Amino acid sequence: MTDSAFKGVNYKKDPTQEPTFLGQLRYRPEVKNVISLLESVDIKLFRRILQFVIEYMKGTDITDTIWGKLKQGSEVSTEDLKILFTGAYYILRSAFRNRIEVSTLQIDLTIKLKVPEPVVKDFCTAYTSSKEAFERSAIEKRIRYPSVADLSWRIDVTITTSAMSRVFKPTILVQLTSTDGKIRTFEMKTDQFHTLRYNVARVLKEFDNIEKSPSLKIDKKA
């Protein structure tokens, strides 16, 4: 077959095979199973599930009582409810973590994952209305180590010792107070102080370079 036989043939990519904001999560059973259920889910029930997912992401525990309220008046089995809840949680969590645009969420769910349009609209509404609250909750719950609250220092000069009559050797006494209330006092030589000063300046420079990275810039319009 000659090359001319291929002219005019238009090869289109299958959008369902293109990458999404979910990354490898789209191949997990939790996500694959929920997508198949979303094709026939009652939209009112799904909205209630989304509300519970948002509350769960904010820190509310999902108790048996809540599950009972969710199942009340619905013919969906408990197993399918758990699949719907878990899948919706994975989808929203990935959207929040990746800080995607609403348009990206809509396109990926509609075109690439073949989620029904009414369900996509509810996902987008839940994402936009809860984004700020979720980010605030994530900041409050993040694990943080104590930081420096106060730092004081002074220079002491050793004039004489038992072995030498004249020394005049300076040392630096540092007192560091951390945010957990602990006070640490230590002494260092001048060369150690200069090494510390150099390393701190280098770390601050690295932080500055990281903050300038385009991948870490926060889009305030998002």
Order by accessible surface, 1.4 Å probe, largest leading, for residues F168, F46 comes to F168, F46
Given a 1.4 Å probe and heavy atoms of the protein chains only, how would you sort F123, F21, largest accessible area at the top? F21, F123
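What number does the range 23-87 give for Rg over Rh if you use C-alpha atoms and the Kirkwood radius?
Working: Rg = 11.9 Å, Rh = 12.3 Å.
Radius of gyration relative to Kirkwood radius: 0.96.
Provide R28, R144 ordered by accessible surface of protein heavy atoms (probe 1.4 Å), highest first.
Working: R28 95, R144 165 Å².
From most accessible down to least: R144, R28.
How large is the convex hull of the C-alpha atoms of the range 28-160 per residue, in Å³?
Convex hull volume per residue, Cα atoms: 183 Å³.
Using the structure shown, list the pairs from K71/K121; K58/K114; K69/K121; K58/K121 with a Cα-Cα distance above 26 Å, or answer none. List each step's numbers first, then the result.
Numbers: K71/K121 23 Å; K58/K114 28 Å; K69/K121 24 Å; K58/K121 21 Å.
The pairs that break the limit, which is 26 Å between Cα atoms, are K58/K114.
The values are calculated or read from the model by the stated rules, or taken from the named source; none is laboratory data. Keep in mind the model is a prediction, meaning the values are calculated, not measured. What goes into the accessible areas is simple: the full protein's heavy atoms, side chains included, and nothing from ligands, DNA or RNA. Shrake-Rupley method; radii C 1.70, N 1.55, O 1.52, S 1.80 Å.
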